[in-house]
Amino acid sequence: QVQLVESGGGLVQAGGSLRLSCAASGRTFISFHMGWFRQAPGSERECVAAISRSGGSTYHADSVKGRFTISRDNAKNTVYLQMSSLKSEDTAVYYCAASPLVTFATKEGAYNYWGQGTQVTVSS
C-alpha cells in the first residue's frame, strides 16, 4: 500500500506556471513508477507525464512536451510536475498515481494507487 497526497493546484492565468507535488507514504517510494494524469470535464483521464523508479526514464504527452516536466526526489518520497506556459486546455483535475509493475508504463491500468486529485484552472 502507498498513500498519495497531491498539492500545488490552483487558479493561474494563461502563460503562467504551477508546480504540483505528490507526497507518498507507506511502502518504499522507490518501488513505484510514478505518473501524473489529468481529467477535464467530459473527457477521459489521460497520462500527461510519467517517471521510472530511478528517474532515469520519463514520458511526457505530446500536448505538454516542452511545457511540463516531471521529476522525483526519492529521498523525500515526492514526485513533482512543473507546469509552464499554461493554456486554458490544461484546466483539469490532476492526479498522482503509482505503479508497482516491473515495466514502466503510461496506461491508466498500470497504476494501482491514486491520490485524491488537485484542481488546476487556467484562465484565458
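The values are calculated or read from the model by the stated rules, or taken from the named source; none is laboratory data. Computed from a predicted model, the values in this text were never measured in an experiment. Methodologically, a virtual Cβ is constructed for each residue, glycine included, from the backbone with ideal geometry; neighbour enumeration extends over all protein chains shown. We work out accessible area using only protein heavy atoms, side chains counted, and drop any ligands, DNA or RNA first. Shrake-Rupley method; radii C 1.70, N 1.55, O 1.52, S 1.80 Å.
Quick notes on this structure:
- Pairs with Cβ under 6 Å, 6+ apart, first in segment 11-29 and over 20 Å from Y95 (Cβ atoms) and of a type outside the set (K, R), second at pLDDT below 95 and surrounded by fewer than 14 Cβ atoms within 10 Å (Cβ to Cβ): A14/S124
- Residue in segment 38-52 that is surrounded by the fewest Cβ atoms within 10 Å (Cβ to Cβ), counting only those that are hydrophobic (A, V, I, L, M, F, W, C) and either assigned to a strand (DSSP E or B) or more than 16 Å from the chain's Cα centre (by Cα) (or both): C47
- Sub-9 Å Cβ pairs linking a first residue in segment 49-70 that is more than 19 Å from T28 (Cβ to Cβ) to a second residue that is open to solvent by less than 60 Å² (accessible area, probe 1.4 Å) and of a type in the set (D, E, K, R), at least 6 apart or interchain, are H60/R67; S63/D90; V64/D90; R67/D90; F68/D90, ordered by first then second residue.
- Annotation: of all residues in segment 78-124 being aromatic (F, W, Y) and farther than 13 Å from V5 by Cα, the one that is farthest from the chain's Cα centre (by Cα) is F104.
- When segment 30-70 is filtered for residues that are hydroxyl-bearing (S, T, Y) and over 21 Å from V93 (Cβ atoms), the ones remaining, listed by number, are S31, S52, S54, S57, T58.
- For beta carbons closer than 8 Å, sequence separation of 6+ or different chains, a first residue in segment 97-124 that is free of Cβ contacts under 8 Å to residues at least 12 places away in the same chain and a second that is assigned to a helix (DSSP H, G or I) and surrounded by 14 or more Cβ atoms within 10 Å (Cβ to Cβ), the qualifying pairs are T103/A110.
- Here segment 44-66 is the region considered, the condition is being of a type in the set (D, E, K, R) and touching a strand residue (DSSP E or B) at 6+ places or on another chain (Cβ under 7 Å), and the residue that is farthest from G15 (Cα to Cα) is R53.
- The criterion of being in a loop (DSSP other than H, G, I, E, B) and either farther than 18 Å from L4 by Cβ or open to solvent by less than 40 Å² (accessible area, probe 1.4 Å) (or both) does not hold for G35.
- Hits in segment 13-31 - residues which are more than 13 Å from the chain's Cα centre (by Cα), hydrophobic (A, V, I, L, M, F, W, C) and open to solvent by 20 Å² or more (accessible area, probe 1.4 Å): A14, I30
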